[in-house]
Amino acid sequence: MRCTSRALKPRAFGTSAYTADLKPSTGEGMRPLTQCIHAGSVPDSSGGLVTPLRTTTVYARPAGATGPLTYPRYLNAPNGLAVAAKVAALEGAESGVVLGSGMSAISTSLCTFLGPGDHVVLSGNLYGGTFELVRDIFPAYDIHYTMVNGSSPESFAAAVRPSTRVLYLESPSNPLLRVLDLPKIVAAVRGAAKHEVVAMVDNTFATPINQNPLKFGLDLVVHSGTKYLNGHSDVTCGIVVGSERLVAQVRTRGRVWGGALGPRDCAMLERGLKTLGLRVAQQNANAQKLAEHLEAHPRISRVFYPGLPSHPDHELAKAQMRGFTGMLAFEVKGGKAAMADFVGRLRLIGAATSLGGVESILCIPAESSHAAMSQAELQELGISDSVVRVSVGIEDPQDLIEDIEQAFGL
Ligand SMILES: *Cc1c(COP(=O)(O)O)cnc(C)c1O
């Protein structure tokens, strides 16, 4: 059979017919709730309002075609582009790229700008996976690092070396929700360096609804989309956004490191993102209610929530964030045994790892996210063994409060 049948002519099923659909809205001029719905959405030639799911890994390439290949691992397949455009719009970024996990987004971004002999300055108390990457993997590639404990811009500036290529921050932090002064730290580091330093921040805890770090002079924002962005605890994904100049470099590395997210998960993530604004607003409100209730509670010794005036970073959070997040932590009176007893009696709020989903869950940082740390390290961070972290969901807050009350036997 000769391959010249009409069905195989490029025009019939080639990229030209297909790209006619691909005109995502940039979301420019829209407010965040509207961007969640419309930015990045791809009009479908069938008239469908939902971005069509393109599962194909095979894209026509007529003989003589020039320009970039389309291939999902190259991070340029349509469902990934739709999601990247949506999150970029929400972060006020020019460009973005979706990857297969938060750690893929973090490791790909860091390793794009760091090579042998280079140095990175990081905030202390990092997400466990990031900490492991830096402490256990970077030395094998001769990448040097300084983790800055504390939050003063001067201490970040003091860590800068001639070989410093990247500044990497996480705010608010896990689990005590300490907030870093992003604009001041970035300015201090830029002042101390005589060369370009790429400034990145992990914005997973805040979400683009509560905080847009690019406004403060940061260059790249990374997210574990597994958490709030997807929000339904059923997709593992990550995203990097920033200027096209930098994101293009991440994409170039990322396509050979192979961390692409498959199109079905991209479509799930896009659906999740449509309710990001609504979910986060409810999570912020629920967490505030819960934090105020717990702070007045006779069985609780301390509450860590940036929305409370008692939080050491309350004023900073007010200046830098639009909402105080759905994450909070508290310390149960009576030590570890009292805490374990309380947690064991909860019925609605389940003990589980991860965060950012529609369901309220809790974890004990000393036994989970921070289990690798020594007692001394935990003490330095202020994380006692009776600290409980809650990822507040979108339930009716009264049901959450009643669950806590019954667990205390009240
Ligand atoms: C979960 C998480 C990550 C890693 O994301 P994965 O999707 O699990 O790879 C990175 N940073 C923060 C703050 C997280 O909570």
### Task
Kindly report the accessible area of the range 23-151 per residue (heavy atoms of protein chains, probe 1.4 Å, no ligands, DNA or RNA), in Å².
46 Å²
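Distance cut-off 32 Å, Cα to Cα: go down the list K86/K194; K86/K333; K289/K336; K289/K333; K194/K227 and report the pairs above it. Don't skip to the answer; put the middle values down first.
Values: K86/K194 35 Å; K86/K333 44 Å; K289/K336 25 Å; K289/K333 20 Å; K194/K227 37 Å.
Too far apart for the 32 Å limit: K86/K194; K86/K333; K194/K227.
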### Most mobile listed residue (V343, V240, V83) in the chain, GNM with C-alpha springs under 10 Å
V343
### Spin-label zone in the range 291-319 - amide nitrogen under 19 Å from a point set 7 Å from the Cα of D396 along the C-beta vector
291, 293
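Are there GluC sites (Glu not before Pro) in the range 159-268 that DSSP puts in a loop and that have at most 16 other Cβ atoms within 10 Å, and which ones?
On the way: sites: E170, E196, E244; in loops: E196.
Loop-located and lightly packed - E196.
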### Message
Suppose each label sits 7 Å from its Cα in the direction of the beta carbon; what would the H195-A63 distance come out to in nanometres?
### Response
4.9 nm
### Task
Pairs of Cα atoms under 8 Å, at least six residues apart: use those to get the relative contact order of the range 212-336, whole percent.
20 percent
### Task
Please find, in a Gaussian network model of the chain (springs between Cα atoms separated by less than 10 Å), the residue of G254, G80, G47 whose mean-square fluctuation is greatest.
G47
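If we count trypsin sites (Lys or Arg not before Pro) as exposed when they sit in a DSSP loop and have at most 11 other beta carbons within 10 Å, what is the longest stretch of the chain that avoids them all?
Values: sites that count: R2, K194, R347.
In the chain, the maximal stretch lacking such sites is 3-193.
Per DSSP helix of 4 or more residues, -39500 (n - 2.57); summed, then divided by the residues of the chain. What does that give at 222 nm, rounded to the nearest 500?
Values: 16 runs with 150 residues, N = 410.
Computed mean residue ellipticity for the chain: -10500 deg cm²/dmol.
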### Message
Which one, T204, T164, T34, has the greatest fluctuation when you compute a Gaussian network model over the chain with C-alpha springs under 10 angstrom?
### Response
T34
### With Cα atoms, 0 to 90° folded angle of helix 263-274 axis to the chain main axis
50 degrees
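Leaving ligands, DNA and RNA out of it, report the carbon-plus-sulfur percent of the accessible area of the range 138-252 at a 1.4 Å probe.
Here it works out to 55 percent.
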### Task
Working from Cα positions, state the angle (0 to 90°, nearest 10) between the long axis of helix 244-257 and the longest principal axis of the chain.
80 degrees
### Task
Starting from the Cα of T55, step 7 Å along the direction of its Cβ; do the same at A158; then give the gap between the two resulting points in nm.
5.8 nm
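Do you know the relative contact order of the chain, to the nearest whole percent, from alpha carbon pairs under 8 angstrom that are 6+ apart? Mind showing how you got there, number by number?
Details: 831 pairs, mean separation 63.1, N = 410.
Computed value for the chain: 15 percent relative contact order.
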### Task
Would you mind checking which residues have amide H under 5 Å from T164's amide H? H placed 1.01 Å from N; only 5 or more apart, or other chain.
H119
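Report the gain in length on full extension from E28 to R264: 0.36 nm times residue separation, minus Cα-Cα distance, nm rounded to one decimal. Walk me through the numbers on the way to the answer.
On the way: separation 236, 0.36 × 236 = 84.96 nm, distance 2.64 nm.
That works out to 82.3 nm of additional length.
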### Message
Per residue, how much accessible surface does the range 236-318 expose to a 1.4 Å probe? Answer in Å², no decimals.
### Response
44 Å²
### Task
Starting from the Cα of K215, draw a straight line to each of the lysines and keep only those under 16 Å, dropping any in the same chain fewer than 8 residues away.
K184, K318
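The values are calculated or read from the model by the stated rules, or taken from the named source; none is laboratory data. Not measured: the values here are computed from a predicted model. In this analysis, Cβ positions are derived from the backbone assuming ideal geometry, glycine residues included, and neighbour counts consider all displayed protein chains. When the accessible area is computed, the model is the full protein with side chains, heavy atoms only, and any ligands, DNA or RNA have been set aside. Shrake-Rupley method; radii C 1.70, N 1.55, O 1.52, S 1.80 Å.
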